[in-house]
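The values are calculated or read from the model by the stated rules, or taken from the named source; none is laboratory data. The structure displayed is predicted, hence computed values, not measured ones. Methodologically, a virtual Cβ is constructed for each residue, glycine included, from the backbone with ideal geometry; neighbour enumeration extends over all protein chains shown.
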Amino acid sequence: MYDMYIRRHDRINNWGMVDRAAPYVVGGYLYDKPRDILYELARSKNIWERRTAIVSTYFFIRQGDLEDTFKIAEILVNDEEELIQTAVGGWIREAGKKDPQKLVSFLDKYAATMPRTALRFAIEHLEKDQRDHYLGLRSRV
C-alpha cells in the first residue's frame, strides 16, 4: 500500500485523501524505517505531498515519537497554504499533548512569525494566559 500511495501520489487531490490514509499507510509503514521521504515531501511544490509529510507523523505521535513532527513542522511553519497551516498547527498541538515543553519551545521560536491559522490550532489546548501570550507575540510583528 505504501509503495502505491507514494507512486500514485499524483492522484491525490484533496485533504480527505491525505488525512484518511497518510497516518497509517505512510506513517505506519515508515515507523521503523528511514523517514527521508517525508522531508522530500515536505519540500515539494505539491500541497498534497506537503500535507502528507506532516499528517503522516500522526502515527509517530501516537507512539510517543515526536522528533519528525517538529522537524517537518519547522520546514512547513510558514507555508502559505491554509490546509498546510491547519495541519502544522494541529499536529504540533497533538505532539504537545505528549511533550508540552517541546510545543512551548517550538512556539517560543516561531509564534511571532507563523501564520495565525497555524498558531490558533497549535495553542488551542493551552491555558488562557499562554494562548494570550503567544497571540500577543503575533501582534507585535
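For residues that are within 19 Å of Leu119 (Cβ to Cβ) and acidic (Asp, Glu), scanning just segment 61-92, find the one that is surrounded by the fewest Cβ atoms within 10 Å (Cβ to Cβ). It comes out as Glu80.
The condition (being without any contact (Cβ under 8 Å) to a residue 12 or more places away in the chain and either farther than 24 Å from Asp108 by Cα or of a type in the set (Gly, Ala, Ser) (or both)) is satisfied by just one residue among Arg11, Arg35: Arg11. Of note, Ser105 does not satisfy the criterion of being at pLDDT below 95, surrounded by fewer than 17 Cβ atoms within 10 Å (Cβ to Cβ) and over 22 Å from Pro23 (Cα atoms). Suppose we keep only residues that are in a helix (DSSP H, G or I) and in contact with a Leu (Cβ under 7 Å, 6 or more places away or on another chain) within segment 94-118. Which one would you say is farthest from Lys71 (Cα to Cα)? The residue in question is Lys98. Only a single item in (1) without any contact (Cβ under 8 Å) to a residue 40 or more places away in the chain; (2) under 14 Å from Val55 (Cβ atoms) is not met by Arg120, and it is number (2).
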